[in-house]
Amino acid sequence: MKVRKLFTLLVILALALPLVASCAPGPTPTPTKAPAATPTKKPPPTPTPVPEACAPATEGPLAGVDPRGQTVVWWHQHSRHREEWLLEKQAEFNATNECGITIVPENQGGYNDIRDKMNAGIATGEVPGLVVGYQNDQAFYALAGGLADMNPYIDDPTWGLTAEERADFYRAFLEQGVHAAFDDQRLGFPPNRSMEMLFYNQTWLEELGFDGPPTTPDEFKEMACTAAAANADGTGGFILRDDASGTAAWTFAFGGDVSNEDRTGYMYNGQATIDAMTFLKGMYDDGCAYFFTEGYPNPELAARHVIFTQGSSSGIAYYASDMEALGSEDVWGATAIPHTTSEPVMDIYGGDIMIPATTPEIQLAAWIFLKWFTSPEIQAQWDRCSGYFPTRASTAELLTDYVDENPQWGQAMALLPYGTYEPQLISYQAVRDAAQQAFNEIIQGADVKATLDALTKEANELQAELMEE
Amino acid sequence: MASNVSATYRATASSKSRGIDIGRVLTYVILLAGVVVVVVPFLWMVSTSLMTLGEATGRAILPRAPQWDNYVQAWEDAKFSEYFVNSVIVTAITVGGQLVFCTLAAYAFARMEFPAKNLLFTLLLSTLMLPDALRWIPNFITVTWLGRIGPIAWVNNWPALTVPFMASAISIFLLRQFFAQIPHELWDSAQIDGAGHVRYLLQVVLPISRAPLMTIVIFGFIGAWNALAWPMLVTNTPEWRPISAGLMAFLDEAGAHFHLQMAGSVITILPILILYFVTQKQFTEGIAYTGLKG
């Protein structure tokens, strides 16, 4: 009899489980409410001695907020040697910071995984003290009320940045986390950056009669066409990059922008974008540029299949590795995208660190760590480890020996003051796909102006739709 | 009529005797194409796993000198020794849970009568239409809530990784199809011998259901072993992350370390291959018996 009852119970459970697992209801999400404590059931941290040096401020917007003894979990995407370095720095910070703050860095996979976790976490209140993400992620989280505005922390007389420290950050890097679509809230802070670059084969350029890399589009085209003629098989010139960052970089180089004036929408149909796309299409039509879709462009540069490629500065190590792997003794370099402007305008990009909405104490503790992490001394160490660029000008002085060892990295770093950035809008992930499609359509022969008009319209509609939700 | 049949037979026999059976040739050509589609990516993975980074990114077909060290480096860099144990535990609990809950649910749907049985079964099948990503947030909210009210934490622990997958709609469907084919006479005989549902299930149904049970073991094993998105969502530390999480160590913003990633992939799929080779016969029978075969 007992067995029968047990069986009945198990059968009911077995029938209910699939439905519960698929459609289980949850508590009403309260995204704007800050969670009270750490994300999982962990024993509370051992109480840390409270030093007086870190006492709460008595005035300003953060008056009375006590960061002492807080634990800050940091969700990041760094793995292998970068993660190992972060763990070393964690130990250093935890042992030396005057506030008794405990930082806990946790690798949460890639940016996509972190986005999924944040969206789920905002729904349940299980968010960390710090999280990495791109600017469009910031817009998503902000729309759900999941992020803290960092302006009060940066501006705070007690805990903020001094005027000197603020001026030390490259202007564009610091601006990139400020969102016009969210009342100019500062939703992210830059720990590092990468940049859209032109890679070139210096040895081959010299063999073709050129002194060095181009600075203007006309020079660029002449060099690429000469190399293409030398190869005489459709390769040799420039490998086109259809990524949205490529389109943005060329627009910047032609003196325009893909964001509208107040940065709340898109403007892919400005004259600069039209000129840039027309220029690239002309190169393609003249046989001086081509698509290469079977792999990465770096081995192509190393094998002299192409004289120019374009991509992220984070690929510098891969170019170096391919040069070595293919036994090439050619000198190669990284330079600005050829520009019509008097000075280069460089497309800089990279994930920010954000402070999710938790408690005032955790948020302040998170900012204190972030300030330490972006100090020049720590940045210099981080850049050596990661290959990223610093976000503060004074860091360069601490990297002279590294630049000597990595000349292409040094060439690129010299261009950091000329940085500008792509849209920080909530729809940018989807718009990037549309921009890529538009680029391909143009190269295949679609009308440049009409295609870019359509792209601008589609992008702005997408933006409006997402902001309404 | 007889002469027509005879003529047809002679024509067929004549064609066969010349050694040309077009239907059979066509079948083999299609099968061969299928084999190529399946095997080439596998061979590419193994070949790339033995290359240098330069060869892997440079589209080489074969390594110049096999880099066996890639396997050692992949194992160490991806912390596979740590993740491997997690995957074994999580997979064992998930598959064990599936065997219990799916068997009971399938038996109830196949052999018992209760109100709204067909409606519940339809609801269950309809969950197959939902993309996994659509269930993440509701399931995450559920496991978080269960962790808050229960005696142990669910997030960052084995329950969140296993319990939501213990009832698999496809496995329940598969077993139900098989159980429904068992002749009623067996149930009648069992009843005459005084057996109830429990004894009938344990002593009659399960012993003759080895093949479909092995099929759901394999499906469950593959699903649990390869899971990545959900485990990443419900774990915050490596403590309970599965082996597939280790593969992410070879990806960064600048690109993938293909050679190490492929070496890691070979390591991660080995247990699945071994399981499949061991249970191949039962798996094939299971697919045939449960009507999944086309």
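A few remarks follow.
- For A:ALA289, distant residues with modelled amide H under 5 Å away: A:PHE238, A:TYR284
- Helices in chain A, meaning DSSP H runs of at least 4 residues, each add -39500 (n - 2.57). Divided by all residues, the mean residue ellipticity at 222 nm is -14000 deg cm²/dmol.
- Point-to-point label distance, A:ALA446-B:TRP68, nm (Cα→Cβ direction, 7 Å offset): 5.3
- Peptides B:77-84, B:60-67 ranked from most to least packed, by the mean per-residue count of other Cβ atoms within 10 Å: B:77-84, B:60-67.
- Stokes-Einstein D (µm²/s) once Rh is taken as the Kirkwood radius of the stretch A:274-402 over alpha-carbon pairs, at 4 °C in 1.567 mPa s: 70
- Cβ-defined net charge surrounding A:THR400, 13 Å radius [Lys, Arg +1; Asp, Glu -1]: -4
- A:GLU106 long-range amide H proximity, modeled H, under 5 Å: A:TRP74, A:TRP75, A:HIS76
- Legend: calculated FRET efficiency, A:THR215 to B:LEU134, from the Cβ-Cβ distance at R0 = 41 Å, rounded to 0.05, equals 0.20.
- Counting only DSSP beta bridges whose two residues both lie in the protein assembly as shown, roughly 60 percent are antiparallel.
- Kirkwood hydrodynamic radius of the stretch B:116-225, from inverse mean 1/r over distinct Cα pairs, in Å: 16.6
- Span from the the stretch A:122-157 Cα centroid across to the the stretch A:324-382 one, whole angstrom: 19
- Between the residues B:GLY54, B:VAL88, B:TRP75, the greatest Cα displacement towards the positive end of the dipole of the stretch B:50-118, with unit charges on the Cβ of Lys, Arg, Asp and Glu, is found for B:VAL88.
- Spin-label pair B:ASN118-A:ASP404: with each label point 7 Å from Cα along the Cα-Cβ axis, the two points sit 8.4 nm from one another.
- Take each residue of peptide B:233-241, count the partner chain Cβ atoms within 10 Å of its Cβ, and average: the result is 5.
- The stretch A:320-469 - Debye-derived log10 I(q)/I(0), Cα point model, q = 0.18 Å⁻¹: -1.18
- Note on the stretch A:339-390: the alpha carbon radius of gyration divided by the globular reference 2.2 N^0.38 Å gives 1.59.
- Here chain A is assigned +1 on the Cβ of each Lys and Arg and -1 on the Cβ of each Asp and Glu. Its dipole about the Cα centre then comes out at about 2480 debye.
- Per-residue mean of C-beta atoms belonging to partner chains within 10 Å, peptide A:322-329: 3
- Sequence-ordered 3J(HN,Hα) estimates for the stretch B:200-209 from the Karplus curve with 6.51, -1.76 and 1.60 and θ = phi - 60° stand at 5, 5, 6, 9, 10, 5, 4, x, 9, 10 Hz, glycine and proline given as x.
- Counting only the Cα atoms, the stretch A:359-412 fills a convex hull of 76 Å³ per residue.
- Inter-chain Cβ neighbour average for residues B:220-231, partner chain, 10 Å: 1
- For B:ILE61 and A:GLU84, a Förster radius of 22 Å and the Cβ-Cβ distance give a FRET efficiency of 0.05, rounded to the nearest 0.05.
- Against the compact-protein benchmark of 2.2 N^0.38 Å, the Cα-based radius of gyration of the protein assembly as shown scales to 1.12.
- Given charges at Cβ of Lys, Arg, Asp, Glu: the stretch B:71-289 dipole, positive-most of B:LEU146, B:GLY223, B:PHE114: B:PHE114
- Cβ-derived FRET efficiency at R0 22 Å, A:GLU397 paired with A:ALA91, nearest 0.05: 0.25
- Hydrophobic long helices, here whole DSSP H runs in chain B with Kyte-Doolittle means of at least -1.0 and Cα atoms spread over 27 Å or more along the helix axis, are found at B:22-48, B:80-111, B:258-289.
- Kirkwood Rh, angstrom, the stretch B:71-289 [1 / mean 1/r, Cα pairs]: 19.3
- Ranked by how many other beta carbons lie within 10 Å on average, peptides A:455-468, B:158-171, A:346-359, B:21-34 from highest: A:346-359, B:158-171, A:455-468, B:21-34
- Residues in the stretch A:88-111 that a label on A:THR162 would reach, taking backbone N under 19 Å of a point 7 Å out along Cα→Cβ: A:98
- Comparing Cα centroids, the stretch A:220-270 and the stretch A:170-190 end up 26 angstrom apart.
Read the figures in this text as sums done on the coordinates, not as results from a lab. Because the structure is predicted, anything quoted here is derived from the model rather than measured. For neighbour counting, all protein chains shown are included, and Cβ atoms are generated from backbone atoms with ideal geometry for every residue, glycine included.
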